[in-house]
Amino acid sequence: QKEVEQNSGPLSVPEGAIASLNCTYSDRGSQSFFWYRQYSGKSPELIMFIYSNGDKEDGRFTAQLNKASQYVSLLIRDSQPSDSATYLCAVNPSRGSTLGRLYFGRGTQLTVWP
Amino acid sequence: EADIYQTPRYLVIGTGKKITLECSQTMGHDKMYWYQQDPGMELHLIHYSYGVNSTEKGDLSSESTVSRIRTEHFPLTLESARPSHTSQYLCASSINRGTDTQYFGPGTRLTVL
């Protein structure tokens, strides 16, 4: 079982819609959770992180964490064509020997069409 | 936001050559990482370091080696490049506290002919 699972997509939404990206993880003791955006041919850039249950909002982005169900999601409101990219979910596991490293999902490809 | 640099950005080289990919960060981050990523595929951790003189192999078997003699510098070396090494190599760093947020450099796209 992979540490972090994401639906690879592609996910396609119209401009102005809400895009919903989901991620599940296997280590119940995982501590912190990250969403990165990666444009084609570029390196990942951090969108936001979350470590407490509930919602965390930053502009058009909202991260949602449910530790009991072991899932984390990213909502993008008012989606723009410039949001078209691959979104990577990453998890910081709880195991002491690997503290600090992240496990990345394969990513979900999002396309926002005008 | 971290300032993290990688050189070269693009490299085309012949089989059997020795190459070193450079990675430097100016934020004083303790931890540094090397990832390999093929187009459209997931990131694979190949090496990481928790500090000076501390290096560990990651998940992906790699013929590369790394060193960490200075906090800011984490070079990756391939002693004998092969076409199977053709890939994008990403360096990242994080500070040793809190959430361990990783920041990535721009990457080096390596092609071995």
Criterion (touching a residue at least 40 places away in the same chain (Cβ under 8 Å) and surrounded by fewer than 16 Cβ atoms within 10 Å (Cβ to Cβ)) met by exactly one of A:ARG60, A:ARG77: A:ARG77
Lone qualifier among B:GLU79, B:GLU22, B:GLU56, B:GLU63 - being away from chain A (no Cβ under 14 Å), touching a Phe, Trp or Tyr at 6+ places or on another chain (Cβ under 9 Å) and not hydroxyl-bearing (Ser, Thr, Tyr): B:GLU22
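Of all residues in region B:25-53, which are away from chain A (no Cβ under 13 Å) and at positive phi? Spell out the reasoning first.
Step one: of region B:25-53, the residues away from chain A (no Cβ under 13 Å) are B:25-28, B:52-53.
Correct list: B:GLY28, B:ASN53.
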Any hit, region A:85-102, residues being facing chain B (nearest Cβ under 8 Å) and small (Gly, Ala, Ser): yes
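Within region B:94-113, how many residues turn out to be in contact with a His (Cβ under 7 Å, 6 or more places away or on another chain) and modelled with pLDDT under 95?
Applying the first criterion (in contact with a His (Cβ under 7 Å, 6 or more places away or on another chain)) to region B:94-113 yields B:94-95, B:110, B:112.
Imposing the further condition that a residue be modelled with pLDDT under 95 reduces the set to B:94-95.
The total comes to 2.
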Residues satisfying the stated conditions in region B:1-56, i.e. in contact with a Leu (Cβ under 9 Å, 6 or more places away or on another chain) and of a type in the set (Lys, Arg): B:LYS17, B:LYS18
Residue check, A:LEU46 in contact with a strand residue (DSSP E or B) (Cβ under 7 Å, 6 or more places away or on another chain), within 14 Å of chain B (Cβ to nearest Cβ), over 25 Å from B:SER87 (Cβ atoms) and of a type in the set (A, V, I, L, M, F, W, C): no
Every residue from region B:82-113 that is away from chain A (no Cβ under 14 Å) and part of a loop (DSSP other than H, G, I, E, B): B:ARG82, B:THR86, B:LEU113
Boolean, A:SER30 is more than 11 Å from every other protein chain (Cβ to nearest Cβ), touching a Cys at 6+ places or on another chain (Cβ under 9 Å) and either part of a strand (DSSP E or B) or within 14 Å of A:LEU102 (Cβ to Cβ) (or both): no
Flag for B:SER54 being of a type in the set (Gly, Ala, Ser) and surrounded by 13 or more Cβ atoms within 10 Å (Cβ to Cβ): no
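The values are calculated or read from the model by the stated rules, or taken from the named source; none is laboratory data. These numbers come from a predicted model, not from an experiment. In this analysis, Cβ positions are derived from the backbone assuming ideal geometry, glycine residues included, and neighbour counts consider all displayed protein chains.
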